[in-house]
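Novice: What follows is a single structure, and I will ask about it in a moment.
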Amino acid sequence: MATSVFFSVSKPLKPYYSPVYYSLQQQQNNPKTQIQIRPESQTHHHNDPKLIINGPSTLSGHVNISGSKNSSLSLLAATLCCSVGSTNLHNVPVSLSDIDTMLAILTSLGAKVEVFNGGGDPKEEEVMVVVNCEHIVSVEPCLESLRKIRGGFFVIGPLLGRFGEAVVGLPGGCDIGARPVDLYVRGLTALGAVVVIRDGIVYTHVANGRSLVGARFKLDYQSVGATETLMMAASLADGDTLLSNVAKEPEVIDLARFLNNSGAYVQGAGTNEIFIKGNRKLYGSESVVSPDRIEAGTFMLAAAITRSCVSMSPVVSSDISSLIDKLKISGCKIAQHNHHTLEVSANRANAGGNLRGFDVMTGPFPGFPTDLQPQTMALLTTCDGSSVVEESVFDKRMSHVRELRKLGAKIQVCKNTALIPGNVQDSPLHGAHLVATDLRGGISLVLAGLAAKGTTEISGINHIERGYENLDTKLRVLGVDIKRLIPTPWCYVTVTHCNLGAGCYVTVTHCNLGQCLTNAHHDKGTFNRMKRNSGFP
């Protein structure tokens, strides 16, 4: 609803804004005239940051890979299992918004969280998060934070295992298809929990009034989140638990290593079955988060799509072997310089001409990662020969296709399968205005923008920044002409009555100043602050 406010006009506006002042004079007797309070040169329509890429780009140099976002989320949730002492987590990508949200979730439960990042120096490699969960005061985490990320739901396992009850909102995250929590519910029920879902909230408690109990449970699908949640819950249960048909992802192995360091007994992580001996008391420990295999894969694809040569570290090549195999088929040369440094070369001289297309079907590890599917599709639009991409994990992970088409990509989609016809040029892509709607789809637009001719503008990058740390800086180091822009705030007002000698009544109709339209009342001081933020004198 529009809100009327009053502000005084005691002197003419500065010449730079004279058209705005002129419109006030001309329309003082014409009610409901809409004007815009902002500098004339500004053309932004919201205050979300944007990426501006001038391409095509040629990359060169070395990029440092951050710690795994997905591993960090599960390890942070697992700190709730530790009732004695503090946990030190190294190599956590603390600048990611998803990590910040998870830390907020832990804090809302009463955990003490401290972040040490080398005094704020982004070049400082040593980043450590210290979490103490000895004095948890609630089993109901902040609902607003939970609905921002999928990983926040993981806390239901340790809360239920340690305290015998939990009240957790259904998870959020990217809108990439159905990600039901039925596996979580049935697994926790098998461990002796009573679970009720009502109005988007999961209410659960142990049936015997004491603790969870060990059990055998087979997952219908190799869900990483369900596997990790049940591992944490079973580590605090009475008795032995055998989980079968579990996820084998490297993140699961990271979690098992952490739980064992904390006093649990978890065996079989990385295989089809995980055996867990319950232990009612776990202790804080030290752990190092593995490098992010999805970020590493993304930079490998960035080198490929720009036909460049880039090295990166640290990388665990076995974690992304399925991508390495596909890039080699395409013609890329991939070299392992030492146990943690990988180099990708995709220039014509090394590739023997243009890269060739290939087929991809996503699946659980060690299959092709669904989190690399959109980026791979961007690459395939620039390769010779037809390619087929089949998404078998999520049922709505094709939203990036619409945006890639704006760049000139030729992609045909039928349900969860995409056909990319052969490319007869080095790159068929050209710059355009794009909107990122999810994390991995958003980064695929960045990769396409690197190869596109002209300027590519990408909004909605808050999605991308959930999973890529210092992305624009890393790309700039590799030679990309990229800028991250934050538009100047502005607002629209409607003049309802004006007397330049005394003052004007206006109605605020649109605003990107953040909170100004959420207030129930606007006074003169509020509007003066809005004027200052807008550049209005």
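Novice: With a Förster radius of 60 Å, plug the Cβ-Cβ distance of residue 48 and residue 135 into 1/(1 + (r/R0)^6) and report the FRET value to the nearest 0.05.
Specialist: 0.95
Novice: Sum up the charges of everything whose Cβ sits under 13 Å from the Cβ of residue 380, counting Lys and Arg as +1 and Asp and Glu as -1, but leave residue 380 out.
Specialist: Once positives and negatives cancel, what remains is 0.
Novice: Grab the Cα-Cα distance for residue 100 and residue 167, subtract it from 0.36 nm times how many residues apart they are, and report the gain in nm with one decimal.
Specialist: 22.0 nm
Novice: Now for a different question. Residue 143 versus residue 417, label points 7 Å from Cα toward the beta carbon: distance in nm?
Specialist: 4.3 nm
Novice: Moving on. If you take the square roots of the eigenvalues of the alpha-carbon gyration tensor of segment 349-448 and sort them as a ≥ b ≥ c, do you get rounded (a/c under 1.5), prolate (a/b over b/c) or oblate?
Specialist: Oblate, because a/c is 1.5 or more while a/b does not exceed b/c.
Novice: What's the extension gain from residue 410 to residue 350 if we count 0.36 nm per residue and subtract their Cα-Cα distance?
Specialist: 18.9 nm
Novice: Under a crude label model (7 Å from the Cα following the beta-carbon direction), how far is residue 261 from residue 396 in nanometres?
Specialist: Here the modelled spin labels are 3.7 nm apart.
Novice: Taking a ≥ b ≥ c as the square roots of the eigenvalues of the Cα gyration tensor of segment 393-473, is the shape rounded (a/c under 1.5), prolate (a/b larger than b/c) or oblate?
Specialist: Oblate, since a/c reaches 1.5 and b/c is not below a/b.
Novice: For residue 57, what charge total do you get from the other residues with a beta carbon under 11 Å from its beta carbon, if Lys and Arg give +1 and Asp and Glu give -1?
Specialist: Net of charged neighbours comes to +2.
Novice: I need the peptides 228-237, 51-60, 147-156 ranked by packing, meaning the mean over residues of other C-beta atoms within 10 angstrom, with the highest value on top.
Specialist: Top of the packing list down: 228-237, 147-156, 51-60.
Novice: Next question, about the same structure. Less than 13 Å Cβ to Cβ from residue 81, Lys/Arg counted +1 and Asp/Glu -1: what total charge do the surrounding residues give?
Specialist: Value of the local net charge: +1.
Novice: Then there is this: Residues of segment 148-239: accessible area per residue at 1.4 Å, in Å²?
Specialist: 36 Å²
Novice: Right, another one. Which pairs, out of 148/406; 148/396; 69/453; 328/415; 218/415, put more than 25 Å between their alpha-carbon atoms?
Specialist: In this structure, 148/406; 69/453; 328/415; 218/415 lie more than 25 Å apart at Cα.
Novice: Any chance you could run the full-extension gain for residue 221 through residue 244? It's 0.36 nm times the residue separation minus the Cα-Cα distance, nm to one decimal.
Specialist: 7.3 nm
Novice: Further question on the same structure: Need one number: nm distance between label points at residue 283 and residue 201, each 7 Å from Cα along Cα→Cβ, rounded to one decimal.
Specialist: Distance between label points: 3.8 nm.
The values are calculated or read from the model by the stated rules, or taken from the named source; none is laboratory data. Because the structure is a prediction, the values reported are computed rather than measured. Every residue, glycine among them, receives a Cβ derived from its backbone with ideal geometry; neighbour counts consider all protein chains shown. Surface accessibility is based on the protein's heavy atoms, side chains included, excluding ligands, DNA and RNA. Shrake-Rupley method; radii C 1.70, N 1.55, O 1.52, S 1.80 Å.
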